[in-house]
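**Q** To start, I am sharing the structure in question, which I have written as structure tokens.
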Amino acid sequence: MSGRLPDELIDRIRESNDIVDVISERIPLKRAGVNYKGRCPFHQEKTPSFNVNPERQIYHCFGCGVGGNVITFLMEYEKLGFIDAIRELAQRAGIALPERGSGRSAEDDPVFAANQMAVEFFRSSLKGASGAPAREYIKDRGLDSEVVAEFAIGYAPPGWDNLLKHARASGVKESVLIEAGLAIAREGGGQYDRFRDRLIFPLLAAAGKAVGFGGRAFGDAEPKYLNSPETRVYRKSYYLYGLNQARQSIRMTREAILVEGYMDVLSLVQAGFKNAIASAGTALTREQAKIIDRYADKVFVAYDGDDAGLSAATRAAEALVELGLKVRVALLPDGNDPDSYVRKHGADALREALASSQDFIDFFVSTNATDTADGREQAARALIETVSHVADPIKADLMLEKVAEALSLRHGAVVRLYEAKRAELKSRRPRGERRGRAQDSRSAGGPGGPGTARTGTRASTVGAGGPGGAEDPPPPTDPQGDDVEAPREVPALVRSAEEGLLALLLAGGGHAECVRAVARPDEFISDPVRGLVARIWETPGRAAADVSALIEPEDGPGVAKLLTELAMRELPEDGGRLCDDYIRTMRRAQIEEEIRVVEEEIRAAELTDDGALMARVERRLELARKLEELSGGR
């Protein structure tokens with residue numbers, strides 16, 4: 001891969017990796033208003049002060065001050081250089097990077113390219129002549145064209161080598177198709193298509209990239225569902241169908257609807273339930289439950305109404321409860337799955353089923369034989385086993401009370417068994433178990449360490465020093481090695497006012513308009529504010545500034561700290577008065593500073609009988625008038 005990357009490619013990689021997703025993969029985050037909060041991985045703290053803003057795609061810790069975007073987080077957390085961080089994020093999003101020593105573009109992993117080729121082939125086949133039966137099936141299932149397009153549904157035509165032929169014509173090697181799980185090698189030589197005469201559900205991940213496929217047979221063909229095998233880019237225990245589309249809705253509502261199959265998700269999304277996801281192809285795993293826990297506080301489990309569905313719902317609910325999630329189980333009438341139920345009875349009926357759903361303990365008791373002493377004992381032991389994994393002591397205690405009440409047991413007996421289970425779990429934990437990357441990062445000295453600087457084409461316009469928390473740079477020197485005069489210290493009042501105006505510019509809308517109406521970019525004199533204002537001024541408009549794009553690793557952690565702190569600053573709805581105060585403060589402090597300099601020059605001129613004395617006196621009087629006018633405008 002080339003050491004020099006175009007800015008457009010870097011921006012695409014950054015925009016394709018949601019910062020909440022990337023950080024959540026490394027530290028626990030919980031929703032807190034418009035932000036997500038967690039304990040800072042870069043310093044030790046008890047009360048979470050590490051904030052992640054999904055809208056602006058930035059993070060900032062109000063404890064230690066560290067801040068940045070998804071690229072700088074990966075650099076600081078994983079101790080990576082810039083190029084290595086970009087490589088990891090590109091691979092995560094399935095984005096092509098230039099090959100080393102070559103100017104051409106290629107997929108870091110050819111499996112992604114093969115999958116994308118297959119998505120396009122399957123979608124084209126659905127629209128073609130061979131896709132008529134599949135289109136008729138989609139119509140019978142009540143799916144509209146919008147859902148079909150959103151989920152990139154396609155069709156694998158009959159025949160043993162349709163995809164193989166298309167792949168050869170597209171320049172994709174048979175060996176790559178086998179690696180991607182799209183083709184199967186014959187024992188006697190050759191290959192054949194894995195998916196034949198099936199409706200195809202691409203398994204879309206971050207940035208809409210396909211990591212695998214699910215295929216549904218028509219009629220009585222077996223197996224009914226056929227899924228991709230695990231590959232380098234697809235691990236079924238970590239994948240949730242529909243999460244790519246549902247992520248934003250789940251974040252907003254903090255609720256998810258967990259179903260079993262592809263068609264369940266599609267029918268629910270079409271009926272308006274945008275937060276539907278499925279563990280399709282596998283029973284819900286702990287890894288999948290952890291992913292749900294990043295986005296949701298509450299999960300409705302809506303599985304098939306038969307015995308197999310109830311059993312699967314129990315296992316799924318247990319995995320979610322163990323993580324401390326609020327879980328409710330919707331019992332659908334026997335013979336119904338969410339897909340058929342919402343098509344037969346409508347969205348309102350499903351809403352009623354969700355509203356009348358049971359919490360996990362009530363569901364477990366109602367679906368197990370608890371009318372005998374042995375049944376109550378077995379149910380109690382199973383429930384306490386689940387509760388023993390809940391880390392939050394308050395949640396665990398409330399659940400134990402519910403278990404005792406639901407099974408008519410003494411609370412003390414339930415607690416004793418729970419404490420025994422907790423002790424047993426603790427004894428199973430390996431001695432010296434690793435405490436996590438966050439602890440490693442702290443012991444390694446925290447953020448801000450040296451890394452490979454970005455070598456793209458965008459020129460830096462701000463320095464690494466200044467008010468962001470980085471050390472001030474040493475005085476500059478000339479090529480001969482002699483010290484030259486360092487710039488004058490910017491008054492604290494000026495610096496503070498300029499930072500306030502920058503915060504208004506970053507906010508966009510009326511806040512930014514009021515700054516643009518009364519200020520000029522050349523009025524800003526403090527670094528790095530001056531350079532940042534110049535960048536923002538080049539793109540006028542009401543939209544909030546893209547703070548994530550403004551953060552450049554080579555600018556240093558001080559600039560990122562300043563930008564993220566200002567971007568997360570709470571501002572009044574009407575910023576006009578605040579803007580006027582900042583402008584007046586900045587200009588008054590600048591005039592006062594210039595008056596101080598001119599007065600020094602006047603004193604020097606008086607001693608040397610400098611002929612320019614009168615001009616300096618006149619300048620002093622002019623500045624005094626400006627200061628009086630500015631003060632009179634209050």
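The values are calculated or read from the model by the stated rules, or taken from the named source; none is laboratory data. Here the structure is a predicted model, which is why all the values come from computation and not from measurement. Counting neighbours? That spans all protein chains shown, and the Cβs are built from the backbone with ideal geometry, glycine included. The protein model used for the area step is the full one, side chains on, heavy atoms only, and it has no ligands, DNA or RNA in it. Shrake-Rupley method; radii C 1.70, N 1.55, O 1.52, S 1.80 Å.
**Q** State yes or no: is Thr285 in contact with a helix residue (DSSP H, G or I) (Cβ under 7 Å, 6 or more places away or on another chain), of a type in the set (Val, Ile, Thr) and open to solvent by 10 Å² or more (accessible area, probe 1.4 Å)?
**A** It is true that Thr285 is in contact with a helix residue (DSSP H, G or I) (Cβ under 7 Å, 6 or more places away or on another chain), of a type in the set (Val, Ile, Thr) and open to solvent by 10 Å² or more (accessible area, probe 1.4 Å).
**Q** Any chance the stretch 231-240 includes a residue that's in a helix (DSSP H, G or I), in contact (Cβ under 8 Å) with a residue 12 or more places away in the chain and surrounded by 24 or more Cβ atoms within 10 Å (Cβ to Cβ)? Please lay out each step first, then the result.
**A** Going residue by residue through the stretch 231-240, those that are in a helix (DSSP H, G or I) are 236-238.
Next, from what is left, pick out any that are in contact (Cβ under 8 Å) with a residue 12 or more places away in the chain: 236-238.
This time we only want the ones that are surrounded by 24 or more Cβ atoms within 10 Å (Cβ to Cβ), so: none.
No, the stretch 231-240 has no match at all.
**Q** Restricting to the stretch 336-364, what's the tally of residues that are among the hydroxyl-bearing types (Ser, Thr, Tyr) and assigned to a helix (DSSP H, G or I)? Talk me through it step by step, then tell me what you get.
**A** Pass one, the stretch 336-364, residues among the hydroxyl-bearing types (Ser, Thr, Tyr): 340-341, 356-357.
Restricting the remaining residues to those that are assigned to a helix (DSSP H, G or I) gives 340-341.
Residues meeting the conditions: 2.
**Q** Under 9 Å between Cβ atoms, which residue pairs at least 6 apart in sequence (or on different chains) link something in the stretch 77-89 that is surrounded by 17 or more Cβ atoms within 10 Å (Cβ to Cβ) with a partner that is hydroxyl-bearing (Ser, Thr, Tyr) and part of a loop (DSSP other than H, G, I, E, B)?
**A** Leu80/Thr452; Phe82/Thr452; Phe82/Thr455; Ile83/Thr452; Ile83/Thr455; Ala85/Thr452; Leu89/Ser16
**Q** Could I ask something else about it? Suppose the filter is in a helix (DSSP H, G or I), surrounded by fewer than 20 Cβ atoms within 10 Å (Cβ to Cβ) and of a type in the set (Ser, Thr, Tyr); does Ser311 pass it? Working first, answer last.
**A** Working: in a helix (DSSP H, G or I): yes; surrounded by fewer than 20 Cβ atoms within 10 Å (Cβ to Cβ): yes; of a type in the set (Ser, Thr, Tyr): yes.
Yes; evaluated as a whole, the condition is true for this residue.
**Q** Continuing with this model, one more query. Can you pull out every residue in the stretch 519-546 that is part of a helix (DSSP H, G or I) and either open to solvent by less than 60 Å² (accessible area, probe 1.4 Å) or among the basic types (Lys, Arg) (or both)? First the steps, then the outcome.
**A** Pass one, the stretch 519-546, residues part of a helix (DSSP H, G or I): 521-523, 529-537.
Matches in the stretch 519-546: Pro521, Glu523, Val529, Arg530, Gly531, Leu532, Val533, Ala534, Arg535, Ile536, Trp537.
**Q** Go through the stretch 280-308 and count every residue that is small (Gly, Ala, Ser), within 22 Å of Ser356 (Cβ to Cβ) and in a helix (DSSP H, G or I). Give the steps one after another, and end with the answer.
**A** So in the stretch 280-308, the residues small (Gly, Ala, Ser) come out as 280-281, 283, 289, 296, 302, 305, 308.
Those still in the list that are within 22 Å of Ser356 (Cβ to Cβ) too: 296, 302, 305.
Now narrow it down to the ones that are in a helix (DSSP H, G or I): none.
Total satisfying the criteria: 0.
**Q** Same structure again: Taking the residues in the stretch 378-398 that are in contact with a helix residue (DSSP H, G or I) (Cβ under 9 Å, 6 or more places away or on another chain) and surrounded by fewer than 18 Cβ atoms within 10 Å (Cβ to Cβ) as candidates, determine which candidate is farthest from Ala312 (Cα to Cα).
**A** At the first step, the residues of the stretch 378-398 found to be in contact with a helix residue (DSSP H, G or I) (Cβ under 9 Å, 6 or more places away or on another chain) are 379-390, 395-397.
Subsequent filtering for residues that are surrounded by fewer than 18 Cβ atoms within 10 Å (Cβ to Cβ) retains 381-382, 385, 389, 395, 397.
Working: Arg381: 19, Ala382: 15, Glu385: 17, His389: 19, Lys395: 24, Asp397: 26 Å.
For the stretch 378-398, the residue satisfying everything is Asp397.
**Q** Being out of contact with any Phe, Trp or Tyr (no Cβ under 9 Å at 6 or more places or on another chain), open to solvent by 10 Å² or more (accessible area, probe 1.4 Å) and among the acidic types (Asp, Glu) is the filter here; which residues of the stretch 553-588 pass it?
**A** Glu570, Glu573, Asp574, Asp580, Asp581
**Q** Could you list, in sequence order, all residues of the stretch 318-377 that are among the hydroxyl-bearing types (Ser, Thr, Tyr) and buried (at least 17 other Cβ atoms within 10 Å of the Cβ)? Spell out the reasoning first.
**A** If we filter the stretch 318-377 for residues that are among the hydroxyl-bearing types (Ser, Thr, Tyr), which is where we start, we get 340-341, 356-357, 366-367, 370, 372.
The answer is Ser340, Tyr341, Ser357, Thr367, Thr370.
**Q** Also, quick follow-up: Going through Tyr234, Tyr238 one at a time, which residue ends up being more than 21 Å from Ser130 (Cβ to Cβ), hydroxyl-bearing (Ser, Thr, Tyr) and touching a strand residue (DSSP E or B) at 6+ places or on another chain (Cβ under 7 Å)?
**A** Values: Tyr238 fails: touching a strand residue (DSSP E or B) at 6+ places or on another chain (Cβ under 7 Å).
Of Tyr234, Tyr238, the one residue that is more than 21 Å from Ser130 (Cβ to Cβ), hydroxyl-bearing (Ser, Thr, Tyr) and touching a strand residue (DSSP E or B) at 6+ places or on another chain (Cβ under 7 Å) is Tyr234.
**Q** Next up: What pairs come up if the first residue lies in the stretch 38-54 and is in a loop (DSSP other than H, G, I, E, B), the second is modelled with pLDDT of 90 or more and of a type in the set (S, T, N, Q), and their beta carbons are under 7 Å apart, counting only those six or more places apart or on different chains?
**A** Every condition considered, the pairs that remain are Cys40/Ser49.
**Q** Among Arg196, Arg186, which is open to solvent by 70 Å² or more (accessible area, probe 1.4 Å) and under 19 Å from Val119 (Cβ atoms)?
**A** Numbers: Arg186 fails: under 19 Å from Val119 (Cβ atoms).
The conditions single out Arg196.
**Q** Mind listing whichever residues of the stretch 249-291 are within 19 Å of the chain's Cα centre (by Cα) and within 25 Å of Leu143 (Cβ to Cβ)? Step through it out loud before you land on a result.
**A** Quick first cut of the stretch 249-291, residues within 19 Å of the chain's Cα centre (by Cα) only: 249-256, 274-277, 287-291.
Passing the criteria: Ser249, Ile250, Met252, Thr253, Glu255, Ala256, Lys274, Asn275, Ala276, Ile277, Gln288.
**Q** Within the stretch 142-152, how many residues are part of a loop (DSSP other than H, G, I, E, B), hydrophobic (A, V, I, L, M, F, W, C) and touching a residue at least 60 places away in the same chain (Cβ under 8 Å)? It would help to see each step written out before you state the result.
**A** Restricting attention to the stretch 142-152, the residues satisfying the condition of being part of a loop (DSSP other than H, G, I, E, B) are 142-144, 151-152.
Among the residues that remain, those that are also hydrophobic (A, V, I, L, M, F, W, C) are: 143, 151-152.
Going one step further and asking which of them are touching a residue at least 60 places away in the same chain (Cβ under 8 Å), we end up with 143, 151.
Residues that pass the stated criteria total 2.
**Q** Quick one: how many residues across the stretch 153-177 are small (Gly, Ala, Ser), part of a helix (DSSP H, G or I) and either more than 21 Å from Val111 (Cβ to Cβ) or open to solvent by 10 Å² or more (accessible area, probe 1.4 Å) (or both)? Spell out the reasoning first.
**A** Here is the first cut: in the stretch 153-177, the residues small (Gly, Ala, Ser) are 154, 156, 159, 167, 169-171, 175.
Filter once more, so that each one left must be part of a helix (DSSP H, G or I): 167, 169-170, 175.
Filter once more, so that each one left must be either more than 21 Å from Val111 (Cβ to Cβ) or open to solvent by 10 Å² or more (accessible area, probe 1.4 Å) (or both): 169-170, 175.
The qualifying residues number 3.
**Q** Run Ser311 past the list (1) at pLDDT 95 or above; (2) farther than 23 Å from Leu266 by Cβ and report the number of the one that doesn't hold.
**A** (1)
**Q** Could you tell me which of the residues Ala549, Ala605 is modelled with pLDDT under 80, in a helix (DSSP H, G or I) and buried (at least 16 other Cβ atoms within 10 Å of the Cβ)?
**A** Working: Ala549 fails: modelled with pLDDT under 80.
From the options Ala549, Ala605, the qualifying one is Ala605.
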